[in-house]
Structure formats: C-alpha cells, structure tokens
Amino acid sequence: MGDLNVGIVGLGWVAGAHIETFKSVQGGNVTAVCSRREHDDAALASEYGTDLHAYTDYEEMLNSPDIHVVDICTPHPYHADQAVAAAEAGKHLIIEKPIALTHDDTLRVRDAVMAAGVKVCVCFECRFSAHFTMIRSVIDQGLLGELHYAEVDYYHGIGPWYGQYDWNIKSEFGGSTLLTAGCHALDAMLFFMDGAVDEVTSYRTRSTSEFFAPYEYDTTSVSIFRFEGGKKIAKVTSSIDCLQPYYFHVHLVGSEGSLLDNRFYSNKLTGMDRSRWSTLETSLIDSGDVSDHPYQPQFQAFIDGIGKDRPMPLTDLDTAIETHRNVFAADLSASEGRSVKLSELS
C-alpha cells in the first residue's frame with residue numbers, strides 16, 4: 001500500500017498545524033486543501049512548504065480518487081455534514097473536535113461511518129501527549145491504587161486576542177464552553193477514570209469582563225460526574241473567560257496515592273516524604289496553541305492503523321462519541337437545572 005493522500009477542508013490556523021504535522025508522518029501526505037476562498041497552488045506551496053492542490057468545491061475534492069483521507073478543520077457547525085459526506089464517499093476521516101454540536105448529529109456521523117466501513121480519528125490529541133501518557137502509566141502501574149475522585153479542569157481565556165474569537169462568540173458556532181474547548185478536559189477525565197458515568201449535574205456562569213461580553217452563551221461551567229456503582233465521582237471545569245495563563249489542571253485521588261499535574265505521592269513507593277509532592281519530569285499540556293499539541297503521534301497512529309486495517313487507538317470515533325455524550329448531558333443539565341442520567345442520551 002502506498003502513501004495515503006490527505007485532503008484538508010477548512011484552511012484556518014488549525015489546518016496549518018495539521019499540514020506541518022504531516023510533514024513528519026510516515027505514510028501520509030497532505031496533498032490538497034478545500035477552502036471557500038480561491039487559492040493559487042504555487043502560492044500555497046510557498047506558504048506551507050509542500051505541494052497542495054486547492055479546491056473550492058468540497059464535493060469535487062470528495063470525488064477525487066487521489067484523496068484517501070479527509071481532514072475536517074472547518075468551524076464546528078460544518079463538521080457533521082462534511083463528515084457524513086466524506087464517509088459516504090469512502091474516505092477515512094480526521095475530525096477536529098467537536099464531532100458535531102448536537103447528540104443526534106454525532107450519531108448521524110457514527111451511522112455513516114459504520115455503513116461505509118471507513119476509519120476515523122477524532123482530535124482529542126491530548127491523550128497522546130507525554131503528560132497524559134505519563135499519568136496513564138502511573139495509574140496503570142497501580143501507584144495511585146483505585147481512583148475514586150478526579151478534578152480535570154480547562155482554563156483558557158478565548159478573548160479578542162485569540163484566533164477563533166470572532167466566530168467562537170456565536171452560539172451557533174461555539175455551542176457551549178464545553179463543546180468549543182472544555183471537552184478536552186472532560187475527555188481527559190474519562191481517559192483517567194476507568195468506568196462509565198451514570199449521572200451528571202452541571203452549572204454555568206459567565207464573566208462580567210468587557211472582553212467576553214460578546215459571547216452569546218455562558219463561558220464557564222462546572223460539572224459533577226457520578227460513575228456507575230456510585231464509588232467514583234469527578235469534577236470538570238471549563239472556563240474560556242478567565243484572565244490568566246493557560247492551565248490544564250489534573251488532580252487524581254486514589255486508595256494508594258494522589259497526582260497533581262506532574263507531581264505525585266504514593267504509598268506504593270517506600271521512603272517517600274509524605275509532607276511534600278515528588279515531581280515527575282515531563283512536558284506539560286500548558287498551551288492552547290495548536291502548534292504545541294501532540295498531533296504527530298496521533299496522526300502517525302491513525303495512518304499506521306489504516307495501513308494495517310486496525311482501529312485507531314485512544315481517539316477512535318466510539319470513544320470520542322462517549323466523550324461527546326457526557327458533554328451533551330452536562331449541557332442539558334445546566335440548561336434545564338437538573339441532574340441528567342447518561343441513559344437519557346442513547
């Protein structure tokens with residue numbers, strides 16, 4: 001099997017990070033882009049440092065037999081329809097989060113993918129980061145024992161200084177604080193806390209700062225999750241209206257120890273000082289800049305999986321849909337002022 005050709009739809013700053021990443025991916029190359037704006041192929045090659053053919057018609061790109069993978073980097077409301085069309089055209093898919101802005105649309109994408117038999121990678125790329133790989137290793141080696149509580153929080157002020165601000169402020173584009181950004185924290189919480197959520201209770205509020213006044217939806221939420229069996233609970237905060245440095249907070253508490261970001265204590269290791277944390281040296285998830293995100297190992301795993309006809313690890317469609325189901329349950333709870341059972345969203 002030869003290299004897989006990737007066509008990107010949407011040519012914003014996220015697409016630029018994807019194009020740059022694929023230069024380091026073996027077996028996959030970005031060869032085309034589709035944008036509403038007209039672009040000259042030579043100018044694109046000069047700007048991005050690789051040969052790219054420009055389309056303005058998405059259907060035309062989908063009809064090309066030379067495109068094997070479609071990478072969706074458009075604003076959120078376009079994801080579902082574009083993913084369904086790509087699956088129906090027999091293309092494998094990379095989908096930037098969120099998959100869709102409604103639960104029904106995520107299921108529509110799932111059904112199209114299942115019918116077509118194509119493979120999907122959803123960009124919850126933080127699961128491939130050194131930071132999260134290290135945390136998962138600490139959990140898997142039993143150093144924290146049985147986890148019963150987690151706090152995983154996303155603090156990233158998406159104000160006028162940030163690239164997506166102009167469209168992110170609109171409810172029909174951003175969706176909610178969780179859908180537009182905080183879903184990374186919710187996904188991380190599910191990655192660390194084995195088991196299924198039974199119920200969620202969520203509350204929302206917003207800043208009075210003039211920077212965030214244009215938002216058409218509440219920009220901070222806190223959600224409490226209870227897992228099946230009632231022995232595990234977790235809290236996820238999503239704040240896109242904070243005035244502070246970017247911070248992805250992780251605090252895990254278990255029967256044998258605790259972890260706080262990149263520090264931990266464990267009863268499993270004799271001689272540890274119980275009065276202070278020990279540091280685990282790693283690269284932290286500490287930036288909202290997509291160029292800092294660990295796309296390379298994720299995209300490499302996806303391309304390798306297609307070549308070997310095996311599922312995408314960690315960020316496959318079914319796993320991502322479960323994260324979205326929790327997001328939609330949390331948003332429903334906040335909207336209706338009640339606790340929501342996950343079973344309400346089949």
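The values are calculated or read from the model by the stated rules, or taken from the named source; none is laboratory data. Keep in mind that this is a model prediction, so the values were computed, not measured. Cβ placement follows ideal geometry from the backbone for every residue including glycine, while neighbour counts extend to all protein chains displayed.
List of remarks:
- Listed conditions (1) crowded, with 18+ Cβ neighbours inside 10 Å; (2) in contact with a helix residue (DSSP H, G or I) (Cβ under 6 Å, 6 or more places away or on another chain); (3) among the hydroxyl-bearing types (Ser, Thr, Tyr) are all met by Tyr265, apart from (2).
- Candidates Leu62, Leu93, filtered to the one that is outside the structural domain of Leu186 (by TED's automatic domain parsing) and surrounded by fewer than 22 Cβ atoms within 10 Å (Cβ to Cβ): Leu62
- Screening the range 31-59 for residues that are crowded, with 17+ Cβ neighbours inside 10 Å and not aliphatic (A, V, I, L, M) and picking the one that is nearest to Glu88 (Cα to Cα) gives Tyr58.
- The set of residues in the range 96-144 being surrounded by fewer than 19 Cβ atoms within 10 Å (Cβ to Cβ) and hydroxyl-bearing (Ser, Thr, Tyr) consists of Thr102, Thr133, Ser137.
- None of Tyr162, Tyr154 is surrounded by 19 or more Cβ atoms within 10 Å (Cβ to Cβ), over 18 Å from Lys231 (Cα atoms) and aromatic (Phe, Trp, Tyr) except Tyr154.
- Of all residues making up the range 53-83, the number that are farther than 16 Å from Glu172 by Cα and of a type in the set (Phe, Trp, Tyr): 2
- Residues that are over 13 Å from Pro297 (Cβ atoms) and in contact with a strand residue (DSSP E or B) (Cβ under 9 Å, 6 or more places away or on another chain), drawn from the range 115-141: Val118, Lys119, Val120, Val122, Ile135, Val138, Ile139
- Every residue from the range 268-277 that is exposed (fewer than 15 other Cβ atoms within 10 Å of the Cβ) and without any contact (Cβ under 8 Å) to a residue 24 or more places away in the chain: Thr270, Gly271, Asp273, Arg274, Ser275, Arg276
- A Cβ distance below 6 Å, combined with a sequence gap of six or more or placement on separate chains, defines the contacts here; from the range 1-12, residues that are on the phi < 0 side of the Ramachandran plot reach residues that are in a strand (DSSP E or B) and among the acidic types (Asp, Glu) in the pairs Val6/Asp71; Ile8/Asp71.
- Only one of the listed residues (Trp167, Trp161) is under 27 Å from Pro75 (Cα atoms) and either over 21 Å from the mean Cα position of the chain (by Cα) or not in a helix (DSSP H, G or I) (or both). That residue is Trp161.
Table: residues versus (1) touching a Lys or Arg at 6+ places or on another chain (Cβ under 7 Å); (2) among the acidic types (Asp, Glu); (3) more than 22 Å from Thr219 (Cβ to Cβ); (4) buried (at least 19 other Cβ atoms within 10 Å of the Cβ).
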position: Glu281; (1), (2), (3), (4): no, yes, yes, no
position: Ala301; (1), (2), (3), (4): no, no, yes, no
position: Gly307; (1), (2), (3), (4): no, no, yes, no
position: Ala334; (1), (2), (3), (4): yes, no, no, yes
position: Gly337; (1), (2), (3), (4): no, no, no, no
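- Checked against (1) surrounded by 21 or more Cβ atoms within 10 Å (Cβ to Cβ); (2) within 21 Å of Glu125 (Cα to Cα), Tyr78 meets all criteria but (1).
- Within the range 239-258, residues that are farther than 18 Å from Val222 by Cβ reach partners that are part of a strand (DSSP E or B) and among the polar types (S, T, N, Q) with beta carbons closer than 9 Å, at six or more positions or on different chains, in the pairs Gly254/Ser266; Glu256/Ser266; Gly257/Ser266; Ser258/Ser266.
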